[in-house]
Every structure is written in structure tokens, then in C-alpha cells.
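Notes to accompany the following structure.
Please treat every number below as a calculation from the coordinates, not as lab data. The shown structure was predicted, so the numbers you read here are calculated from the model rather than taken from an experiment. Note that we place each Cβ from the backbone using ideal geometry, even for glycine, and neighbour counts take in every protein chain shown.
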Amino acid sequence: MESAEIAMDPSKTVKEYKKEIAELKSKNERNTKLIVELMIEK
């Protein structure tokens, strides 16, 4: 069923994936900053 959705409206799926990628990149950046701060403290 999901494949049919993608075939019928790929732009919607692409938009959702791009949003998810942006959120994951942001989360990754925050985690990287925290790791650096923790390393500096030690």
C-alpha cells in the first residue's frame, strides 16, 4: 500500500523524507555539541 502512495504522489513522500532528514541532522548537531562539551570538561 505504501508503494502505491509513493507512486501516486511522490512529492509528498519526498517532502516527508526531507523533513525527517532535517530533523535528524539537527538532532545530530545537538548531540555532537554535547559530546564536545563533555570531552572539554574532562
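Helix 10-41 against the longest principal axis of the chain: what's the angle in degrees, Cα atoms only, rounded to the nearest 10?
10 degrees
Select one label from (i) 70, 10, 9; (ii) 53, 15, 6; (iii) 62, 15, 6: the one whose number is Cα extents along the principal axes in Å as derived from the coordinates shown.
The value matching this structure is (ii).
As an exercise, use a Förster radius of 25 Å and the Cβ-Cβ distance of I35 and M8 to find the FRET efficiency, rounded to the nearest 0.05.
Numbers: r = 42 Å, r/R0 = 1.68.
Approximately 0.05, to the nearest 0.05.
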